[in-house]
Amino acid sequence: MSEPVLSVENLSLGYVTPEGTVAALRGVNLSVDPGEVLGVAGESGCGKSTLAAAMIGLPGPNARIQSGHVRLGGRDILALDPGAQRRLRGREIAMVFQDPMTAFSPVLTMGAQLVDFQANRDAASGREKWRSARDMLARVGLSDPDLSMRRYPHELSGGMRQRVAIAAALLMRPKVLIADEPTTALDVTMEAQIIHLLRELRADFHCAIVIVTHHLGVIAELCDRVAVMYAGEVVEVAPVDALYHAPRHPYTRALLACDPANITQRAARLPTIGGRLPDLRDPPSGCAFAPRCTMATPRCRTAPPPRVAVAPGHNALCHEVTP
Amino acid sequence: MTALLDIRDLRVEVAGGGWFDPAGRGRLTILADLSLSLAAGETLALVGESGSGKTTLARAILGLQATSGGTMAFDGKPLAEPGDFRAIRRRTALMFQDAAASLSPRMTVGDAVIEPFAIHGVPIGNRRDRIAELLAEVGLAPDMAARYPHELSGGQARRVGVARALALKPALVIADEPTAGLDVSVQAEILNLMADLRARHGLSYLIITHNLALVRHVAERIAVLYLGRLVESGPTGAIFADPRHPYTQSLIAAEPLPDPRKRRADLAIRGEIPSILRRPAGCEFHTRCPLADAICRYDRPTLRDLGQGRRMRCHFTDTTTKGGRHELEHR
Amino acid sequence: MRFAARYPALGALLRDPMGAFGLALVLAFVAMALFAPWLAPADPIALNVRDKFQPPSLAHLAGTDQLGRDLLSRLIYGARTALAIALTSVGLAGIAGVILGMIAGFGPRWLDALLVLFFDSLSSLPMIMFALAVITIVGPGTGTLILVVVLVSIPAYARLIRAQTLSLSGADFIQAERAMGASNTRILLRHMLPNVVGPLLILLSMDVPVVIMLEAGLSYLNLGVRPPTPSWGNILYDGYTSIRSAPYMVVIAGLPLVLSTLGFTFLGEALRDAIDPKLKRRAAK
């Protein structure tokens with residue numbers, strides 16, 4: 001097995017708010033192998049976006065790292081100084097956001113910004129940078145890349161902007177691409193096209209991709225491995241087929257069961273999970289999912305659940321799961 | 001039985017205007033020749049991508065968007081003059097896609113849910129009891145009444161939106177993307193809530209969405225819109241089992257399924273919905289259609305009745321076998 | 001707790017040291033103006049020529065002027081004049097700005113065009129020249145001063161409110177009100193108004209010291225408040241004319257001007273931070 005290109009080790013991170021510190025990540029361990037597509041699934045508030053931000057070393061001004069590391073090619077990026085972090089971003093690791101409109105400056109053309117993103121490529125001339133930007137736009141499927149280079153962000157549709165954002169992220173050939181809800185703001189038809197594009201690019205660039213989303217369909221279409229998060233913890237990690245066809249953690253099962261897309265027969269009532277997320281200002285000592293879990297026993301409410309390996313590459317954080 | 005809502009040949013055009021056309025001669029067509037009807041107690045889903053004109057239709061039904069042709073009738077009474085729309089305000093309600101943004105930011109949840117009573121001068125009796133009752137109906141605790149919109153979660157804001165929409169017991173609720181931006185478990189809760197309320201109060205829903213997974217569960221009939229024109233309509237089950245229009249087929253195929261064993265290798269649909277500024281000649285879908293033939297580029301197909309309540313707008317009678325013999329429609 | 005939850009902006013204002021300081025200064029001046037008759041140690045217009053040009057002492061904490069009037073008392077009553085003029089004129093201009101701005105932003109387009117033309121032509125007049133022209137026609141006095149300030153300030157306020165109203169009229173919650181059948185009056189008063197006045201309050205607070213300075217300036221030129229009514233400008237003028245015999249007068253007369261300007265400006269700055277929607281959103285999460 002090759003060295004992971006990105007690994008998150010025992011990462012705990014809290015957000016300082018006037019009402020107390022919110023434990024957004026609680027002991028997360030996760031690694032990404034070269035060229036693999038890892039999906040991070042979970043509902044809002046589970047910490048998946050915080051994890052994505054921490055992976056590129058941008059957890060936000062009120063975040064406090066309580067323990068752990070994020071290693072990218074052997075270096076701990078959270079421990080690096082801001083300048084060194086900046087040099088890693090773009091070259092080694094890049095990110096695509098949900099709303100690409102906010103990732104671009106509204107007053108510069110796409111071409112100017114794509115050239116600018118290559119500022120770290122010292123050896124290249126302006127003309128070369130322009131050409132590689134143009135080629136990248138053609139690669140991500142913009143029909144008229146020369147015209148698109150002269151356009152401003154607002155002149156492009158949402159789908160085109162997301163393509164440009166992906167092109168921008170891949171310009172420096174990073175080893176890891178983090179995509180936070182890359183298709184959530186798009187229509188189904190655009191969503192299908194972006195999924196298709198990411199699949200192609202992964203084959204061409206051999207770049208590892210981390211897809212963070214609440215959309216289980218997108219993960220099933222695209223990922224090799226899936227990590228399911230709940231209340232700041234990774235509750236289950238599994239190869240994609242096992243996760244959808246042999247899920248072990250009760251939360252994963254509940255999540256899959258209530259996805260309307262999973263229920264093909266017309267149903268009068270859809271299953272729901274019930275209950276609500278625990279207050280992460282004061283995380284529970286036992287299993288965080290226990291209050292909503294149908295399998296919970298008294299032990300679940302008091303003792304932290306063990307991580308149970310159920311198959312190679314498949315584990316679940318649960319008292320009731322047996323290997 | 002007369003339809004609750006009946007729309008015939010509805011047309012919405014806006015002035016193109018602009019620098020070179022101050023007279024607005026270049027009219028942009030947003031909705032064209034749209035006919036729909038909705039029976040009392042029925043749920044109809046209007047499906048299409050953004051830019052298909054589905055939100056404009058909702059606004060037109062409520063009188064918030066001027067129409068330039070066709071007729072609309074609500075419960076048998078025509079909707080044409082501003083007064084006609086005012087007369088049905090109490091019997092219609094609109095649920096917004098962004099539920100939190102549809103609540104006045106400096107108004108508490110309690111004030112927001114009883115606002116329809118204040119607007120229409122309907123007596124409410126004990127204010128607190130009525131608020132608690134309305135909130136209970138959508139599964140919210142009475143202490144939510146003191147909250148402000150920015151203090152609500154996505155699901156809670158959506159419930160407040162439902163409570164307000166149903167406050168005056170309307171006959172028709174238009175719901176714009178009722179589950180957009182919600183987590184899957186919350187989506188299911190909102191859909192269940194809408195189904196319960198429909199059963200309890202005999203509501204009709206007009207659901208506007210691009211999310212097919214949602215449509216399958218809540219709608220009895222589907223109408224698919226492309227660039228402001230109806231391309232296919234019919235009973236939900238029949239359309240999902242056997243979509244006829246190439247656009248409907250692509251939409252269903254494009255939906256990512258939560259099952260890695262059903263991955264799609266090829267691309268279901270290419271390109272983007274064209275801008276209404278550059279409406280394609282002939283069949284509007286020909287620029288993206290896998291079946292498009294010469295005739296599609298200049299001749300606009302008409303809406304054909306396929307029987308069993310199904311209608312479709314395509315030149316081809318057999319759209320299921322790609323590359324198979326297709327019969328052209330002769331007029 | 002309930003109070004802080006209802007008025008998150010006030011809590012944020014008080015947490016900001018600059019805002020708390022500004023608010024304290026402003027409140028001190030308001031108290032000074034309101035309770036002038038009880039606070040002032042002497043009658044501000046009673047002459048006592050024998051005691052003229054007394055430097056600060058226990059009998060006259062701020063000294064006396066060329067006519068022997070107690071300076072401290074005159075300054076305290078001067079706060080009354082300054083605040084009365086500033087708050088009245090800024091308040092009237094604010095109300096007119098809100099009404100005109102909302103009409104322009106919400107009303108028909110022809111009315112909007114007309115109002116914008118009116119705002120533009122008003123604001124193209126230079127303030128001091130306009131003030132001098134009005135004073136020449138109407139004659140100097142408190143009423144004239146208020147009239148000038150109101151006329152000159154309306155365009156800026158109305159334009160701000162108009163822009164806010166325009167951007168809100170497309171907002172979902174306004175659309176929702178229309179869909180529910182709310183009348184225009186209801187939409188304007190219940191939904192627009194509370195959401196557009198925030199930024200105006202900041203502008204108003206920042207403009208109060210400008211008006212105080214204008215009043216002082218015009219009074220200094222003998223074009224504002226007529227003597228013997230105590231006004232900071234009049235006192236400053238008296239101090240200037242007697243700068244050789246009583247140099248302390250200018251300093252003492254300038255002090256309340258500086259402090260009140262500081263107070264209102266700090267308050268305005270802190271208000272801007274406190275009601276900034278981005279900061280509020282962060283606090284809400």
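Quick notes
- Distance from the range C:58-97 to the range A:74-136 (C-alpha centre basis), Å: 60 Å
- Estimated vicinal HN-Hα couplings, Hz - the range B:27-38 in sequence order (Karplus 6.51, -1.76, 1.60; Gly, Pro = x): 7, 9, 8, 9, 10, 10, 6, 9, 10, 8, 9, 10
- Close amide-amide hydrogen proximity is noted between A:Ile209 and A:Glu36, A:Val37, A:Leu38, A:Leu177, each under 5 Å apart and 5 or more residues distant or on a separate chain (H modeled in the peptide plane; Pro and chain starts excluded).
- A straight Cα-to-Cα reach below 13 Å connects B:Lys262 with the aspartates and glutamates A:Glu221, A:Asp241, residues fewer than 8 places away in its own chain not being considered.
- Each of A:Trp130, C:Trp232 was scored by other Cβ atoms within 10 Å of its Cβ. Listed from fewest to most, they are A:Trp130, C:Trp232.
- Close amide H contacts of B:Met95 (hydrogens built in the peptide plane, cut-off under 5 Å, sequence separation of 5 or more or a different chain): B:Ile174, B:Ala175, B:Asp176.
- Residues C:Arg50, C:Arg80, B:Arg91, ranked from the fewest to the most other C-beta atoms within 10 Å, line up as C:Arg50, B:Arg91, C:Arg80.
- Percent antiparallel among DSSP beta bridges (both partners in the protein assembly as shown, rounded to 5): 60 percent
- Extreme residue, positive dipole direction of chain B, given options B:Pro123, B:Thr209, B:Gly83 (C-beta unit charges): B:Gly83
- Relative to the longest principal axis of the Cα atoms of chain C, the long axis of helix C:142-169 lies at roughly 20 degrees.
- Residue exposure proxy: A:Ile209, C:Ile212, A:Ile65, ordered by other Cβ atoms within 10 angstrom of their Cβ from fewest to most, comes out as A:Ile65, A:Ile209, C:Ile212.
- Under a 5 Å amide H cut-off, with hydrogens placed 1.01 Å from N, B:Thr317 pairs with B:Glu327 among residues at least 5 apart or on other chains.
- Rg of the Cα atoms in the range A:153-248, relative to 2.2 N^0.38 Å, amounts to 1.14.
- Most mobile of A:Glu191, A:Glu19, A:Glu221 in a GNM of chain A (Cα contacts under 10 Å): A:Glu19
- Anisotropy class assigned to the range C:217-273 is oblate, per the alpha carbon gyration tensor with a/c at or over the 1.5 cut-off and a/b no larger than b/c.
- Farthest positive-ward along the protein assembly as shown dipole, Cα basis, beta-carbon charges - from C:Ser231, B:Pro280, A:Val28: B:Pro280
- A Cβ-based charge dipole, computed about the Cα centre of the range B:111-216 with Lys and Arg at +1 and Asp and Glu at -1, lands at about 260 debye.
- With only Cα atoms counted, the range A:73-116 has Rg and Dmax values of 13.3, 38 Å.
- Note on A:Glu19 and B:Arg86: with the Förster distance fixed at 51 Å, the Cβ-Cβ geometry gives a FRET efficiency of about 0.65.
- The convex hull drawn around the Cα atoms of the range A:260-323, when projected onto a plane and averaged over every direction, covers 6.4 nm².
- The phi torsions of the range A:92-101, fed into the Karplus equation with coefficients 6.51, -1.76 and 1.60 and a -60° offset, translate into couplings of 9, 9, 9, 9, 10, 9, 4, 10, x, 4 Hz, rounded to whole numbers, with Gly and Pro shown as x.
- Working note: Cα atoms of the range C:73-203, range along each principal axis, descending, whole Å: 57, 34, 19.
- Cβ-derived FRET efficiency at R0 25 Å, B:Asp143 paired with A:Ile263, nearest 0.05: 0.15
- Our coupling estimate for the range A:272-287, obtained by passing each phi through the Karplus curve with A = 6.51, B = -1.76, C = 1.60 and θ = phi - 60°, is 10, 8, x, x, 9, 4, x, 6, 7, 6, 9, x, x, 6, x, 6 Hz, Gly and Pro reported as x.
- Expected 222 nm ellipticity per residue - DSSP helices of 4 or more, -39500 (n - 2.57), all of chain B, to 500: -8500 deg cm²/dmol
- Only alpha carbons enter this Debye calculation for the range A:206-323, each as an equal point scatterer, and the log10 of I(q)/I(0) it gives at q = 0.12 Å⁻¹ is -0.46.
- Nearby aspartates and glutamates by direct alpha-carbon distance to C:Lys52 (threshold 15 angstrom, same-chain neighbours under 8 apart not counted): C:Asp43, C:Asp65, C:Asp70, C:Asp238
- Overall dimensions of the protein assembly as shown by Cα: Rg and Dmax, Å: 33.6, 119
- In the range B:252-294 the Cα-Cα distances spread across 5 Å bins starting at 0 as 5, 18, 23, 18, 13, 11, 8, 4, 0 percent of all pairs.
- Quotient of C-alpha Rg and 2.2 N^0.38 Å, computed over the range A:100-196: 1.03
- Within-14-Å neighbourhood charge of C:Phe264 [Cβ basis; K, R +1; D, E -1]: -2
- Reach of A:Lys175 by Cα under 15 Å, taken over aspartates and glutamates that are not fewer than 8 positions away in the same chain: A:Glu3, A:Asp33, A:Glu36, A:Glu92, A:Asp204
- About its Cα centre, the dipole of the protein assembly as shown is roughly 360 debye, where the only charges are +1 on Lys and Arg Cβ and -1 on Asp and Glu Cβ.
- Whole-Å distance, taken between Cα centres, linking the range C:102-163 and the range A:1-62: 56 Å
- Theoretical FRET efficiency, 1/(1+(r/R0)^6), r = Cβ-Cβ of B:Val122 and C:Phe118, R0 51 Å, to 0.05: 0.80
- Taking a Cβ cut-off of under 10 Å around A:Val212, the surrounding Lys, Arg, Asp and Glu residues balance to a net charge of -1, with basic ones at +1 and acidic ones at -1.
- Per principal axis, descending, Cα span of the range A:1-158 in whole Å: 49, 38, 28
- GNM flexibility winner over chain C from C:Ser245, C:Ser123, C:Ser219 (Cα, springs under 10 Å): C:Ser245
- Take the convex hull of the alpha carbons in the range A:75-155; its mean projected area over all directions comes to 6.5 nm².
- Dividing the radius of gyration of the alpha carbons in the range C:146-194 by their Kirkwood radius gives 1.15 for Rg/Rh.
- When the alpha carbon coordinates of chain B are projected onto the principal axes, the ranges are 68, 56, 46 Å, largest first.
- Chain A gives an Rg/Rh value of 0.99, both radii derived from C-alpha positions and Rh following Kirkwood.
- In units of the rule-of-thumb radius 2.2 N^0.38 Å, the range B:206-257 shows an alpha carbon radius of gyration of 1.02.
- Inter-part distance, the range A:217-269 to the range A:169-204, computed on C-alpha centroids, equals 21 Å.
- Residue (of C:Val208, C:Leu193, C:Tyr220) at the positive-pole extreme of the range C:176-256, dipole from beta-carbon charges: C:Leu193
- Spherically averaged projected area of the range A:17-70 from its Cα convex hull (nm²): 4.4 nm²
- Just so you know, the Rg over Rh for chain C is 1.06, from Cα atoms, with Rh as the Kirkwood radius.
- Surrounding net charge for C:Phe119, when Lys and Arg each add one and Asp and Glu each subtract one, Cβ distance under 12 Å: 0
- Placing a label point 7 Å from the Cα of A:Thr102 along the Cα-to-Cβ direction, the residues of the range A:19-49 whose backbone N falls under 17 Å of that point are A:44-49.
Any read-out appearing in this document is the output of simple, stated calculations on the displayed coordinates, not a laboratory observation. Computed from a prediction, not measured in an experiment: that's the story for all the values here. We place every Cβ from the backbone using ideal geometry, glycine too, and count neighbours over all the protein chains shown.
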